[in-house]
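**Student:** Quick one: the structure is below, and I'll ask about it shortly.
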Amino acid sequence: MSTAKESGRLQLRDADRELLRRYHELGDESARDALVERHMPLVRSLARRYAGRGEPLEDIEQVGAIGLIKAIDRFDLEREVVLATYATPNVVGEIKRHFRDKGWAIRVPRALQEMNAKMSATIDRLTSTLGRSPSIGEIAESLQATPEEVLEAMEVGSAYTTLSLSAPVGEDAADPLEVIGKEDEGFEHSEDREVLAPALARLPQREREILRMRFEEGLPQTQIAEQVGLSQMHVSRLIRRSLMAMREELD
Amino acid sequence: MPEPDQISFEAPLEAAFGPVVRLIVGGIAERADFGFEAMDDLQLAVERLLVEAGSDGNVKLSFELRGDGIRTRVGPLRERGIAEALQDSEDKPGTLDLQRILSTVVDSYGVEQAADGHIVVRLEKLRGVAL
C-alpha cells in the first residue's frame, strides 16, 4: 500500500468535506458546482453501465448527475462517509428510476417521440378545421409521415403500466382542474358501489369526472377535451389509464 | 389489387402484447378510414375485452372491413363471466362495467356461442359521423 496514494485519497476526501461544508453551512453554490464537477467521472462510469439500452449516453449521464446533486444536497456532514460512497446508490437509483419511468418508450426512435409530441396539437387543430375527427391519413399528411408512423407514435408513452392510483404521472401531475365535478355524483351512486367505489374513489377527481362524462353522459372525447381543457389524446389516455387502474384495483 | 375485406390474427392474452394488438387494431381502423376518435373507441373496446378475458393462452381476433365500418370478432373465449356480464340486460345506471364501456364505445355488440361452451364477442363499430 503506497502511503502517498493513501494520503492523496485523504486529501481528496478532505477537499470534498470542505466543499460540502461550504455549501451546506455557507450556502456557497460554487462549492456545489465544484463537487459536481469533481464527481462527474464517477457519474460517467456508472452511466456507462446503462448504455446500449436505447438511450444516448449523454442523457443517462445527465440523469445520473441529478442523482449526484440530490446526494450532495442531502449529505449529512455529521456522517463519517465519503461523498462518492454516499452518492453511488443515489446516482444508480436515479438512472434506474429514469429507465423504469420511461418504460418501453425508451427504445422508441427519437423521431417517433418528437412526432408524438406534435400529435395532440395536430389532432385538435384538424378536428377544429375539419369539423370532425381527422383520419389517421389526414394526421399523417399533416405531420408529413406515413399512417403507420403516426400509429406507432401514438403509442409512444401511452403505456399505462406506470400509472398508480395515487400517484399522478408525467403531464398529468399538475392538476389545475381539481375543481370540476362534484364529489357525490355519478358512478359512486351505483348498485355496485361496494365493489367499484373504492377503485373509483382512489382516482383523481379529474379522472372520475372524465369517466362520468364519457360513460354516463356519453359525451364524445372531443367534447370532453373541450370541457376540461385537455387535448383529445390526453383525454383518451386518461380514460384508458383510469379503467386499467380500476381493473387492477379490483383484481 | 382488391382490398382485403377480412383480417384475422391470433395474439397472446398476456398484458405485454396489449400494445401490439392496439397497434394492429389502429392499422386496420386506418385502412377502414376511421377517424381518430372512432379508432380510439375500437381500440379501447378490444383492449377492455381482452383484459376481461384473462391472461392465459391465445385469443383470435378477426376484423371484417364493411362498407360502413368494422365488424370485430374476439374469441373463442373461455371466460363465461364475459358472456354473463354482456347478456345481462338489466339496466344498471351508474355502473362502470364492461357492458357499460362497450355500449358507449361501439355501436353494437353481441355474444355468439362457439364450440365447447366458449363464446365469441362481436363488436360493430361504424366509421363515425361528422361532429
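**Student:** To the nearest whole number, what is the average tally of beta carbon atoms from other chains within 10 Å of the beta carbons of peptide B:96-107?
**Tutor:** Mean number of neighbouring Cβ atoms from other chains: 4.
**Student:** Next question, about the same structure. Starting from 0.36 nm per residue, how many nanometres of slack lie between residue A:42 and residue A:10 once their C-alpha separation is accounted for?
**Tutor:** 9.8 nm
**Student:** Using a 10 Å cut-off around each Cβ of peptide A:130-140, what is the average number of partner chain Cβ atoms that fall inside?
**Tutor:** 5
**Student:** Using packing as a proxy for protection, rank A:28-34, A:90-96 so that the peptide with the highest average count of other Cβ atoms within 10 Å comes first.
**Tutor:** Top of the packing list down: A:90-96, A:28-34.
**Student:** How many times 2.2 N^0.38 Å is the alpha carbon radius of gyration of region A:3-106?
**Tutor:** Cα Rg divided by the expected 2.2 N^0.38 Å: 1.16.
**Student:** Can you give me the P(r) profile for chain B? Cα pairs, bins 10 angstrom wide beginning at 0, each as a whole percent.
**Tutor:** Pairs per bin, as whole percents: 12, 46, 34, 8, 0.
Every number here is computed from the coordinates shown, using simple stated rules; none is lab data. What you see is a predicted model; the values in this text were computed from it and never measured. Glycine gets a Cβ as well: all are built from the backbone with ideal geometry, and neighbour counts include every protein chain shown.
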